[in-house]
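J.: This structure is in structure tokens; I'll ask about it shortly.
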Amino acid sequence: MDMDKLVSLCKRRGFIFPSSEIYGGLNGFWDYGPLGVELKNNIKQAWWQDMVRNPPPGPDGEEVVILGVDCAIIMNPRVWEASGHVSGFADPMVDCKKCRKRFRADKVWLAAYVDAEGVSEADLLAVVEQLRTSATAAGTVSQAVASPKLVVPLEADGRDEAERHTLSKTQQKAFKHKPIRLLFPLPQAPASWPRKCPACGEGDLTEPRSFNLMFKTFVGALEDASSVAYLRPETAQGIFVNFKNVLDSSRVKLPFGIAQIGKAFRNEINPRNFTFRSREFEQMEIEFFCHPGESMKWYRYWRDVRKEWYTRLGIRSERLRPREQGKDELAHYSIGTTDIEYLFPFSNEPQELEGVAHRGCFDLSQHQQFSGKDLSYFDEAAWERDKAALGFTSFKEWVKSNPPKEQVEKYQFIPHVIEPSAGADRFTLAVLCEAYDEDEIGGEKRVVMRFHPRLAPIKAAVLPLVNKDGMPERALALYRELKREFPVFYDDSGAIGRRYRRQDEIGTPYCFTIDGQTAEDGTITLRNRDDCVQIRIPIAAAADELRKRIRD
Ligand SMILES: [Zn+2]
């Protein structure tokens, strides 16, 4: 599928527009149009319904409890000190000294072309290893690696993309032998290689320096250090700082989860790939709190539940790849993370839709330390069960008797957290990519968006076959009945075939057509989007039929 076709359909039919487009847009920001907002709302509602109100039974068949919150976007800045975002939420960046363009250091790749006869790429890579530890390069091969004849700077998301670089015929002629290419992201490239700008090709790049990705603002009238605040870079922290509030107000017991859907902001250096990497985006996150001893069980539960959810909503499983992160990729606090990735048409490598992370007790411990508030959980049931055997009636009295720390932590501890964190915009984009299809109906080409009926922005169109013989009146009456319950569309203009095509292109799963037979026997046709098959049903059964089909 061609990404340009999808972007153009999104614009033409009102799914997604560039933000503030009449002023030339703003890089990394997007607006959802009339159909886009319905689609994205359906996605958020499906998540809330399936994860918060009706999550699947737990690993042992037990009920799973999830409670919702909706927190402020701007929080006390101490939150971001505790979470590590103020000091750690930064990507090393490099700037071009000439054209001033800024790049993420790890997204700049250097392709060095080495002129050396009779050596293999492996030999040359071994020399690169040596160059890392010693600055000197003895021998001709080492010399050739330390100062290659040609080093081309590239901007690329990963090795796969960087590997597509090839030399022109003229460039190849400058080499005596067929050159061997060595490819490194900037931070790992030998220090002796020239570091030029991938954009203008001329300017030198600065040393990498950190750049915080949080949007900064000021609260109140004074714009000074004391009034600095940030737009939240994730929704998770709002949940952690409300852990005690939810626990105390809802009288829930471990394990349970807290869920939030909301906007988050990251000042991405290089927003790209349509809405995939935006500066303003919406997250759907759960923090699931559990006993440390049960955390791996719940980690596996959420990993499987979340993958299954995407499949159920029509994402074909071969494009959906759960990938356990390697040790070097894990955030410092994470015991394990699975990325649920999707193969978007804009890349050969699957891209992250969702991360399911085992965060241990990192977040609550940090907030306990920074806020000075006790965020531990007391397992009353376990204490009630064991207290007689321990010979105490009061937990406090027992703690005063100095039992071993591990003993105390059986009853009072900082819960461990499993975090399934999904991107609403990313999933919306995946749904759009997955739905886009072109086929032929009766010798005529059509574009059809094969949305899952639950996610489709418009559930049904109501169409009078012609504008006479009482058909519009009957059609309007049906439309008015259906729209009380469903997003439906009324269309009486143009040939019926063209009206069907217009609905196919926006993914409307069903069309109800009122024709000459309706006046005779009270039936209408129900046309199915995917195979264009039509059946007749009583007009009185239309709402029931639609309800049933959307739910299944
Ligand atoms: Zn430049």
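The values are calculated or read from the model by the stated rules, or taken from the named source; none is laboratory data. All values reported here derive from a predicted model rather than from experimental measurement. Glycine gets a Cβ as well: all are built from the backbone with ideal geometry, and neighbour counts include every protein chain shown.
J.: So, residue 323, is that one in contact with a Cys (Cβ under 9 Å, 6 or more places away or on another chain), more than 18 Å from residue 240 (Cα to Cα) and assigned by TED's automatic domain parsing to the domain that holds residue 285 or not?
T.: Here the answer is no, as residue 323 does not meet what is asked.
J.: May I pose another question? Give just the number: which of (1) at pLDDT 95 or above; (2) closer than 20 Å to residue 446 by Cα does residue 494 not satisfy?
T.: (1)
J.: Then there's this: Go through the range 84-120 and report how many residues are within 16 Å of the ligand (Cβ to nearest atom), of a type in the set (D, E, K, R) and under 32 Å from the mean Cα position of the chain (by Cα).
T.: Selection size over the range 84-120: 6.
J.: If I ask for residues that are farther than 27 Å from residue 208 by Cα and buried (at least 18 other Cβ atoms within 10 Å of the Cβ), which ones from the range 151-179 would you list?
T.: Within the range 151-179, just 179 meets the criteria.
J.: Let me ask something additional. Kindly establish whether residue 506 is within 33 Å of the chain's Cα centre (by Cα), at pLDDT below 95 and among the β-branched types (Val, Ile, Thr).
T.: no
J.: Then there's this: Being at positive phi and of a type in the set (Gly, Ala, Ser) narrows it down to one residue among 314, 326; which is it?
T.: 314
J.: Run residue 494 past the list (1) part of a loop (DSSP other than H, G, I, E, B); (2) in the same structural domain as residue 13 (by TED's automatic domain parsing) and report the number of the one that doesn't hold.
T.: The number of the failed condition is (2).
J.: Read through the list (1) under 28 Å from residue 32 (Cβ atoms); (2) touching a strand residue (DSSP E or B) at 6+ places or on another chain (Cβ under 7 Å), then give the number of the only condition that residue 290 fails.
T.: Failed condition: (1).
J.: Among the residues of the range 198-251, count how many are away from the ligand (no atom under 16 Å from the Cβ), surrounded by fewer than 13 Cβ atoms within 10 Å (Cβ to Cβ) and of a type in the set (D, E, K, R).
T.: 6
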